[in-house]
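Student: Got a structure for you, questions after.
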Amino acid sequence: MARVTERIRLGPAALNPFTLHPYEIAGQVATLDAVSGGRAYLGLARGAWLDKLGIEEERPLAALREAVTVITALLAGDEAGFAGKRFTLEPGTVLTYPRERDSVPLMIGTWGPETARWAGTVADELKLGGSANPDLVPVARGWLDNPDVRVVVGAVTVVDEDGDWARERARVAVEPYLGVVAHLDPTLVLEPGEPPPLERFCIAGTPEEVAERVLELWDAGADRVELGTPQGRTALTGVGLVCDRVLPLLRTGR
């Protein structure tokens, strides 16, 4: 992707420091930044379903804090070392990867107010992963308490000429995520057993309907909207519809 693009940012959204050590995260993002000519960014989150891997997430925010400290030091070429409770760097430890810049933009993914408040002090962006709910955007903005940090919304997206087919495909794709994120949305009050509203957790429909959803999120204050997989009947046809049909509507604001 770096070789065949010139302007777009490239990066993971997001990695977690529980399945990949911060040293490797720093090395991978440094390499991506080098091969893309300084267009990389890094997304970090606590992750989900880690219990299925036998990984204990004790004090996840503390681990994220330490991971950011380690990654920041490695990207900057800081050899002072770091002694944390979860991660350590011996003095003199440096990356064995090329470094294009001394830092890359940082995005923190979270649905939690405490993590969001911390993100407001260290990150360039906050991502509400798995949400397409415009009501949640101003809430997250309040958690951040920093107008300079951008709010990113990203969700399962399906665009197709047949809007009903797109919504059914999205319903199937988003189902595994609902158990993780549906109860975290403070703007929704669901009765026991009540299914969460699909449109709050995915973006699906015809190109015109998808464009309207993106505009709604922008109007709510989202700085960026990520149209996630599976995008369409295939990734190629879905991305094609996004580029050829959705983006022109967003440029004109219709």
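Student: Quick check on this structure: which one of 62, 48, 40, 34 is under 24 Å from residue 126 (Cβ atoms) and either modelled with pLDDT of 95 or more or buried (at least 19 other Cβ atoms within 10 Å of the Cβ) (or both)? Don't jump to the end; show me each part of the working.
Tutor: Numbers: 62 fails: either modelled with pLDDT of 95 or more or buried (at least 19 other Cβ atoms within 10 Å of the Cβ) (or both); 48 fails: either modelled with pLDDT of 95 or more or buried (at least 19 other Cβ atoms within 10 Å of the Cβ) (or both); 34 fails: under 24 Å from residue 126 (Cβ atoms).
That would be 40, the only listed residue that is under 24 Å from residue 126 (Cβ atoms) and either modelled with pLDDT of 95 or more or buried (at least 19 other Cβ atoms within 10 Å of the Cβ) (or both).
Student: Separate question: Give me a count of the residues in the range 94-142 that are in contact (Cβ under 8 Å) with a residue 60 or more places away in the chain and within 26 Å of residue 74 (Cα to Cα).
Tutor: Qualifying residue count, the range 94-142: 18.
Student: Just one of the numbered conditions (1) modelled with pLDDT of 90 or more; (2) open to solvent by 50 Å² or more (accessible area, probe 1.4 Å) is not true of residue 174; which one?
Tutor: Of the numbered conditions (1) modelled with pLDDT of 90 or more; (2) open to solvent by 50 Å² or more (accessible area, probe 1.4 Å), the odd one out for residue 174 is (2).
Student: Please determine, by comparing only the residues of the range 5-46 that are of a type in the set (S, T, N, Q) and not in a loop (DSSP other than H, G, I, E, B), which one is farthest from residue 119 (Cα to Cα). Quick ask: steps written out before the conclusion?
Tutor: First pass over the range 5-46, keeping only residues of a type in the set (S, T, N, Q): 5, 16, 19, 28, 31, 36.
Right, trim to not in a loop (DSSP other than H, G, I, E, B) and you get 28, 31.
On the way: 28: 22, 31: 24 Å.
Checked the range 5-46; the qualifying residue farthest from residue 119 (Cα to Cα) is 31.
Student: Let me ask something additional. Consider residue 110 carefully, then state whether it is at negative phi and surrounded by fewer than 14 Cβ atoms within 10 Å (Cβ to Cβ).
Tutor: Details: at negative phi: yes; surrounded by fewer than 14 Cβ atoms within 10 Å (Cβ to Cβ): no.
In short, no.
Student: Can you name the residue in the range 1-30 that is of a type in the set (S, T, N, Q) and farther than 21 Å from residue 125 by Cα and, of all such residues, is modelled with the highest pLDDT?
Tutor: 5
Student: Considering every residue within the range 90-104, establish whether at least one is within 18 Å of the chain's Cα centre (by Cα) and either buried (at least 20 other Cβ atoms within 10 Å of the Cβ) or at pLDDT 95 or above (or both). It would help to see each step written out before you state the result.
Tutor: Our first condition is that a residue be within 18 Å of the chain's Cα centre (by Cα); within the range 90-104, this holds for 104.
Filter once more, keeping what is either buried (at least 20 other Cβ atoms within 10 Å of the Cβ) or at pLDDT 95 or above (or both): 104.
Taking every residue of the range 90-104 in turn, at least one turns out to be within 18 Å of the chain's Cα centre (by Cα) and either buried (at least 20 other Cβ atoms within 10 Å of the Cβ) or at pLDDT 95 or above (or both).
Student: Show the residue pairs that are 6+ apart or on different chains and have beta-carbon atoms under 8 Å apart, the first residue being within the range 183-195 and open to solvent by less than 100 Å² (accessible area, probe 1.4 Å), the second being among the polar types (S, T, N, Q) and part of a loop (DSSP other than H, G, I, E, B).
Tutor: Hits for this filter: 185/131; 185/133; 187/133; 188/133.
The values are calculated or read from the model by the stated rules, or taken from the named source; none is laboratory data. What you are looking at is a predicted structure, and each value in this text was computed from that prediction instead of being measured. So basically every Cβ, Gly included, is an ideal-geometry build from the backbone, and we count neighbours across all protein chains shown. These area figures cover heavy atoms from the full protein model, side chains too; ligands, DNA and RNA do not enter into them. Shrake-Rupley method; radii C 1.70, N 1.55, O 1.52, S 1.80 Å.
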